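Quick note: the coordinates plus some simple rules give every number you see, no bench work behind them. All figures in this text were calculated on a predicted structure; none of them were measured in a lab. Please note: Cβ atoms are built from the backbone with ideal geometry, for glycine as well, and neighbour counts cover all protein chains shown.
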Amino acid sequence: MDSNLEIALIQTHLIWENPIANRKNIEAKLQLIKNDVAIVVLPEMFTTGFTMKPENVAQEEGIKTLEWLKALASTYGFALVGSTIWQEEGNYYNRLFFVTPSGNVHSYDKTHTFTLAGEDKVYVAGKEQLFITYQGFKICPLICYDLRFPVWARNTVDYDVLLYVANWPKPRINAWDTLLKARAIENMAYCIGVNRIGIDGIGYEYPGHSAVYDVLGQQVAFSEKEEVLYATLSKDHIQFNRKKLRFLEDRDPFTLL
């Protein structure tokens, strides 16, 4: 079991509803990632921005993006994580992919669709959580609005890393900062949040604030500009603090319906 996990977070502008341009932009950044990185995390809907008009994007772009993720993961030797529009059997999904260098593909459909923007009327909500063990770390990936719902992220399986990809706008960025830190503390897990920056096609501004918090809620990484952030996650840090502070053992016993 590896004791450390090196991660990179790509905080970037997104070109509105333009998968080709976004893949080109992100690929240029991936070419510069440090050699020891194991996982690279991209924002929510990293090929389009947070659009409620998925019909403006060709259906084959989802497949192209997945094949692109697989090819780049294989080429560079790190796993890639991010969400994109996915069309299947006439339905649209805000689907997160976790793609490993060996070609394994894990997926998670956003469960809490953002009703304020009408996402619930456009995209089918997911119903199942996803837990991935990668290089000795158990990871729970979620998407944006999921962050507001602590029960959905509740650490009943002793995961090590809680990971959110997002398009979280400037007017509510204080909630983003506060909730990321809270999710880390209450679950005694690293909490990672990757947001975009810039202004989208309907005028919403995104200020970044991508961040990593450790199991005690200490900020490990943070940025408000377009850049790649790096952080080292320590298995020893998790185990030491969970042994010393046995808060997870006092979890309230209830189950989700």
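Spelling out what I want: for every residue of segment 41-49, take phi, set θ = phi - 60°, compute 6.51 cos²θ - 1.76 cosθ + 1.60 (Karplus), and round to whole Hz; glycine and proline get x.
10, 10, x, 5, 6, 6, 9, 9, x
Which distance in nm do the two modelled labels at THR133 and SER74 give, with both placed 7 Å along the Cα-to-Cβ direction?
2.6
Here are some pairs, LYS53/LYS235; LYS29/LYS127; LYS34/LYS121; LYS64/LYS110; LYS138/LYS244; which of them have Cα atoms lying more than 31 Å apart in this structure?
Distance filter (> 31 Å) returns LYS53/LYS235; LYS29/LYS127; LYS34/LYS121.
So which aspartates and glutamates can LYS170 reach, going by Cα to Cα under 14 Å and dropping same-chain residues fewer than 8 places off?
Hits, sequence-local ones excluded: ASP200, GLU205, GLU224.
Starting from the 7 Å offset along Cα-to-Cβ, what nm value, one decimal, do you get for the label separation of GLU226 and GLU88?
Result for the modelled spin labels: 3.3 nm.
Once you have the Kirkwood Rh of the chain from its Cα pairs, apply Stokes-Einstein at 4 °C and 1.567 mPa s and quote D in µm²/s. Display every interim value, and only then the final one.
Details: Rh = 18.2 Å.
Roughly 71 µm²/s, to the nearest whole number.
Fully extended, how many nm does the chain gain between ASN241 and ARG172 (0.36 nm per residue separation, minus their Cα-Cα distance)?
Full-extension gain reported as 21.7 nm.
Through the Karplus equation 6.51 cos²θ - 1.76 cosθ + 1.60, θ set to phi - 60°, convert the phi angles of segment 185-191 into ³J(HN,Hα) values in whole Hz; use x for Gly and Pro.
Per-residue couplings from phi come out as 5, 6, 9, 6, 9, 4, 10 Hz.
Around LYS138, which amide H atoms from residues at least 5 apart in sequence, or from another chain, sit under 5 Å from its own amide H, with H modelled in the peptide plane?
Close amide H contacts, sequence-distant or interchain: ASP160, VAL161.
Let me check against my output: what whole-number percent is the relative contact order of the chain, with C-alpha pairs under 8 Å and at least 6 apart?
Details: 553 pairs, mean separation 51.6, N = 257.
It comes to 20 percent, rounded to a whole number.
What number, rounded to the nearest 500 deg cm²/dmol, is the helix-based mean residue ellipticity at 222 nm of the chain, given -39500 (n - 2.57) per DSSP H run of at least four residues and division by all its residues? Could the numbers behind the result be given before it?
On the way: 6 runs with 62 residues, N = 257.
When only DSSP H runs of four or more count, the value is -7000 deg cm²/dmol.
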